[in-house]
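Working notes for the structure below.
The values are calculated or read from the model by the stated rules, or taken from the named source; none is laboratory data. Small disclaimer: the values here were computed from a predicted structure and weren't measured. Cβ coordinates were reconstructed from backbone atoms using ideal geometry, including for glycine residues, and neighbour counts include every protein chain displayed. Calculation scope for accessible area: heavy atoms of the full protein, side chains included, ligands and nucleic acids excluded. Shrake-Rupley method; radii C 1.70, N 1.55, O 1.52, S 1.80 Å.
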Amino acid sequence: MHNLGQTRSSQQPNHVLLTPDTFVRTALPGMKCAMAVVHVGTAMGAAFAEYTAEMEKGGELGDTAAQRFIYVTRGSVAVDVGGKQSILGARGYAYLPCGPVHRVAAKEESHVIVIEKPYLPVEKLAAPQVIVSSEDAVTAEALDGDTDLQVKHLLPDEMSFDFAVNSMVYQPGAALSMVEMHVMEHGLLMLEGGGIYRLGDSWYPVTAGDFIWMAPWCPQWFGAIGKVPAKYLIYKNWNRHPLASQK
Ligand code: UGY
Ligand code: MN
């Protein structure tokens, strides 16, 4: 259905909204029995890459020289790293630092959100180690005291990490308390529910399945609308001096 050329997707200099009707699948080097929907990369001006890997049973991710964060949205995958195997089901995630070789293979038909970023070291600070966990094991915190807006920090609050990945759950009617403008860029995947996202000087209706990229200092605000909570997974670069190169 071509919908006469209509879509909610929009590409602007400081933000991009990508809705599933415009997703294009592509193979990436080393991927086996899997395709990637690339949401953002350096071609867009971002300093990180994010894609959804749609994997058949037995499918595998390719190698990367960057740090990698994976979050399972459907199915289950086996993660092999450091001589240990872990199985991640839905909401399972892993942080895989540069260095140790790892393998991510689908146990069944699976969807995995993949974030990759070159590591920016800090002098005298050891790089982070492997983390394998589940969102279910992380305690939620109210954002700025608003109990209707719960945040889970999936990575430790430590200076060695140069990015953060959080899940945010908004009860219907909950909203960010301010329009944020900050040095960090964001990659955001709507996982459940929906609402209105202000990006730059535009307001967009957004729903589960949508992806958003926000450039540094892109004005941003979100309000949840509907009868079910809205949930998204959000990446930001983090913990580095603004003169440190993100590329
Ligand atoms: O962490 C954040 O910057 C987050 N509050 N931003 C957002 O939800 N757009
Ligand atoms: Mn933000």
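Evaluate the following for Asp157: is it in a strand (DSSP E or B), away from ligand 2 (no atom under 14 Å from the Cβ) and of a type in the set (Asp, Glu)? So Asp157 does not fit the description; no. Within region 160-180, being within 13 Å of ligand 2 (Cβ to nearest atom) and either touching a Cys at 6+ places or on another chain (Cβ under 6 Å) or assigned to a loop (DSSP other than H, G, I, E, B) (or both) holds for Leu176, Ser177, Met178, Val179.
Considering (1) of a type in the set (D, E, K, R); (2) open to solvent by 30 Å² or more (accessible area, probe 1.4 Å); (3) touching a residue at least 12 places away in the same chain (Cβ under 8 Å), the lone condition that Lys84 does not fulfil carries the number (3). Scanning region 141-149 for residues that are near ligand 1 (Cβ under 10 Å from one of its atoms) and of a type in the set (Ser, Thr, Tyr) turns up nothing.
Filtered by the rule that a residue be open to solvent by less than 60 Å² (accessible area, probe 1.4 Å), assigned to a strand (DSSP E or B) and closer than 15 Å to Ala53 by Cβ, region 2-33 gives a lone residue, Thr26. Against the numbered list (1) among the hydrophobic types (A, V, I, L, M, F, W, C); (2) more than 16 Å from ligand 2 (Cβ to nearest atom); (3) without any contact (Cβ under 8 Å) to a residue 24 or more places away in the chain; (4) open to solvent by less than 60 Å² (accessible area, probe 1.4 Å), Ala140 comes up short only at (3).
Summed over region 152-163, the residues that are open to solvent by 10 Å² or more (accessible area, probe 1.4 Å) and in contact with an Asp or Glu (Cβ under 8 Å, 6 or more places away or on another chain) give a count of 2.
Is it true that Val132 is farther than 26 Å from Gly45 by Cα, assigned to a strand (DSSP E or B) and in contact with a Lys or Arg (Cβ under 8 Å, 6 or more places away or on another chain)? Answer is no for this residue.
Can you name the residue in region 219-239 that is assigned to a loop (DSSP other than H, G, I, E, B) and away from ligand 2 (no atom under 14 Å from the Cβ) and is also farthest from Gly193 (Cα to Cα) among such residues? Checked region 219-239; the qualifying residue farthest from Gly193 (Cα to Cα) is Asn239. Pairs meeting the criteria (first residue in region 167-181 and at positive phi, second residue more than 10 Å from ligand 1 (Cβ to nearest atom), beta carbons under 7 Å, at least 6 apart or on different chains) are Gly173/Ala224.
I need the full set of residues from region 181-200 which are closer than 20 Å to Thr73 by Cβ and within 12 Å of ligand 2 (Cβ to nearest atom), in order please. Quick ask: steps written out before the conclusion?
First, the residues of region 181-200 that are closer than 20 Å to Thr73 by Cβ: 186-195, 197.
Residues satisfying the conditions are His186, Gly187, Leu188, Tyr197.
If the condition is being away from ligand 1 (no atom under 11 Å from the Cβ), buried (at least 21 other Cβ atoms within 10 Å of the Cβ) and touching a residue at least 40 places away in the same chain (Cβ under 8 Å), then region 191-209 contributes only Val206.
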